[in-house]
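Asks: Okay, handing you the structure first.
The values are calculated or read from the model by the stated rules, or taken from the named source; none is laboratory data. Everything numeric in this text was worked out from a predicted model, so none of it was measured. Cβ atoms come from the backbone with ideal geometry, glycine included; neighbour counts cover every protein chain shown. Surface accessibility is based on the protein's heavy atoms, side chains included, excluding ligands, DNA and RNA. Shrake-Rupley method; radii C 1.70, N 1.55, O 1.52, S 1.80 Å.
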Amino acid sequence: MEVAGSLTNNIYMLRAERRWSQKYLAEQIGVSRQTIISLEANRYNPSLILAFRIAEVFGVGIEDVFRYHPQQTKGDE
């Protein structure tokens, strides 16, 4: 079975609501600012551990930060 889909996130919105810089968020979760840039642009999917850490820093559930969008494959028709 092939897993298909995409992952999007609300990191930019959550960070903006708190008026946190990308640098501040990066320091809080222990990654580089470049990682935050890539996450916000949906160019990088974090590990499960990092995803939970991000949610923890924001004080929200993981589903409030990340959304999975499944895609139908030909075998699903």
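Asks: Taking the range 7-32, which residues are more than 17 Å from His69 (Cβ to Cβ), open to solvent by less than 50 Å² (accessible area, probe 1.4 Å) and of a type outside the set (Gly, Ala, Ser)?
Replies: Across the range 7-32, the qualifying residues are Leu14, Arg15, Gln22, Leu25, Ile29, Val31.
Asks: I want to confirm something. Restricting to the range 17-32 and keeping residues that are under 15 Å from the mean Cα position of the chain (by Cα) and part of a helix (DSSP H, G or I), which single residue is nearest to Leu48 (Cα to Cα)?
Replies: Ile29
Asks: Oh, and also: Return only the number of the condition from (1) surrounded by fewer than 13 Cβ atoms within 10 Å (Cβ to Cβ); (2) under 10 Å from the mean Cα position of the chain (by Cα); (3) modelled with pLDDT under 95 that Ala4 does not satisfy.
Replies: (2)
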